[in-house]
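This report concerns only the one structure given below.
Bear in mind these aren't lab numbers, they're just calculated from the coordinates by the rules spelled out. Predicted model, so just to flag it, every value in this text is computed and none were measured. Backbone-built Cβ (ideal geometry, glycine too); neighbour counts: all protein chains shown.
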Amino acid sequence: MDYSSPSPSMGSKSPEAVMQQVQAQLNQAYAEEFIETLRGKCFDKCITKPGSSLGSGESSCISRCVDRYMEATAIVSRSLFSQQR
């Protein structure tokens, strides 16, 4: 079987183009999951009485929560990538 030429199911896309498309879809799914997790964790921690607007304490809590979560994610990512090398 010749794997160097595109299969009929891939149309005229090259394998590299297909891989780029799959990578873009994975990145999108990761970003959506990250935002949903972040929203859930910070909302649960910071919003005690949901209403039509955020109080100043809730707003600063969310800001700190997002900053900490993003920093922790960056540390874990760097650690994982350095272990792969």
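State whether one or more residues within the stretch 40-58 are β-branched (Val, Ile, Thr) and outside any loop (DSSP other than H, G, I, E, B). Lay out the reasoning, then the answer.
Keep residues of the stretch 40-58 that are β-branched (Val, Ile, Thr), which gives 47-48.
Still in the running and outside any loop (DSSP other than H, G, I, E, B): none.
No, every residue in the stretch 40-58 fails to be β-branched (Val, Ile, Thr) and outside any loop (DSSP other than H, G, I, E, B).
Quick one: count up the residues across the stretch 54-69 that are closer than 20 Å to Ile35 by Cα and either loosely packed, with under 10 Cβ neighbours inside 10 Å or in contact (Cβ under 8 Å) with a residue 12 or more places away in the chain (or both). Total meeting the criteria: 6.
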